[in-house]
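S.K.: One structure is given below, represented as structure tokens, and several questions about it will come after.
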Amino acid sequence: MGWLDWVQASSQPVLSGPGILLRMPRRGDYERWRELRDASRAFLTPWEPSWSGSELSRTAFRLRLSRYRRDARERSSFTFFVFDPSGETLYGGLTLGRIQRGVAQAGTLGYWMGERHAGRGIMSRAVRTISIFAFEIEGLHRIEAACVPSNARSIALLESCGFRREGHLRRYLKIAGVWEDHLLYSLLAEDWAASAGYRAESQPDLSLAGTKL
């Protein structure tokens with residue numbers, strides 16, 4: 001593999017965890033993404049920024065892809081879609097974003113799940129898989145996540161994955177048109193490595209565009 005090929009491949013990580021496949025979105029995913037997001041609109045909108053009128057348009061999706069690819073090349077953010085192992089059924093998505101290097105070595109986690117797939121433990125497996133990518137491949141020391149205090153599902157997810165509550169952020173993000181308080185959670189590399197969940201979890205297959213790491 002030449003240097004240019006390696007650079008292009010290194011911005012397209014593919015992660016395979018227990019019963020799931022995480023890969024960057026592609027143009028061919030549009031219809032599955034649009035259908036799942038539209039069917040889950042009432043389920044998702046209370047916890048997300050207000051949707052625009054063109055939120056689910058093909059043009060908006062292509063703009064998202066361009067941003068995702070640029071951010072991945074710069075290693076400032078990695079966005080994944082979560083699929084079944086065959087890569088056919090789309091479950092949801094998650095982003096390891098706002099990555100800081102230098103003395104911080106930290107990133108922020110965000111995620112969404114299609115309503116029909118919620119409550120099956122899929123996102124907890126996805127979070128554990130991306131945590132290994134964050135700590136062992138990207139060399140981060142800290143992952144942060146914030147959620148609205150009334151979002152019991154998100155709180156349960158983070159705590160089940162080893163995140164610890166650190167504080168209360170006043171009017172932190174504008175959700176559904178309203179500046180909402182958030183609870184701040186974090187997971188440190190040493191906490192993750194020492195956790196019983198980490199030792200018991202099957203180690204995912206981490207690849208860069210098909211090149212095994």
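Every read-out reported here was derived from the displayed coordinates using simple, explicitly stated rules and does not represent laboratory data. The structure displayed is predicted, hence computed values, not measured ones. Here Cβ is always computed from backbone atoms with ideal geometry, including for glycine, and neighbour counts include all displayed protein chains.
S.K.: Could you list log10 I(q)/I(0) for the chain at q = 0.09, 0.10, 0.14, 0.18 Å⁻¹, which the Debye formula gives when each Cα is one point scatterer?
M.R.: -0.34, -0.42, -0.88, -1.54
S.K.: Cα convex hull of the stretch 34-130: mean projected area in nm², to one decimal? Numbers along the way, then the final one.
M.R.: Numbers: hull surface 28.8 nm².
Projected over every direction and averaged, the Cα hull of the stretch 34-130 covers 7.2 nm².
S.K.: Using the 10 angstrom Cβ neighbour count as an exposure proxy, how do Trp51, Trp33 rank, fewest first? Please list the in-between numbers first.
M.R.: On the way: Trp51 13, Trp33 19.
By the 10 Å Cβ count, ascending: Trp51, Trp33.
S.K.: Let's test the formula: R0 of 30 Å, r as the Cβ-Cβ distance of Ser54 and Ala194. What FRET efficiency results, to the nearest 0.05?
M.R.: Details: r = 46 Å, r/R0 = 1.52.
Step by step, r from the Cβ atoms, then E = 0.05.
S.K.: Please work out, to two decimal places, the log10 of the ratio I(q)/I(0) at q = 0.17, 0.28 Å⁻¹ from a Debye calculation in which every Cα of the stretch 123-165 carries one identical scatterer.
M.R.: Computed log10 I(q)/I(0) values: -0.48, -1.04.
S.K.: If you don't mind, there's one more thing I want to ask. Show me, for the stretch 68-82, the HN-Hα J-couplings you get by feeding each phi into the Karplus relation (A = 6.51, B = -1.76, C = 1.60, θ = phi - 60°), rounded to Hz, glycine and proline as x.
M.R.: Karplus-based 3J(HN,Hα) across the stretch 68-82 equals 4, 5, 4, 5, 5, 4, 7, 6, 9, 6, 10, 10, 10, 8, 9 Hz.
S.K.: As I understand it, the dipole of the stretch 12-203 uses +1 on the Cβ of Lys and Arg and -1 on the Cβ of Asp and Glu, about the Cα centre. Which of Ala118, Pro46, Ser57 lies farthest toward its positive end?
M.R.: Of the candidates, Ser57 comes out farthest on the positive side.
S.K.: Of Tyr172, Tyr185, how do they rank once you tally other Cβ atoms within 10 Å and put the fewest first? It would help to have the intermediate numbers written out before the result.
M.R.: Details: Tyr172 15, Tyr185 23.
With the sparsest Cβ surroundings first, the list reads Tyr172, Tyr185.
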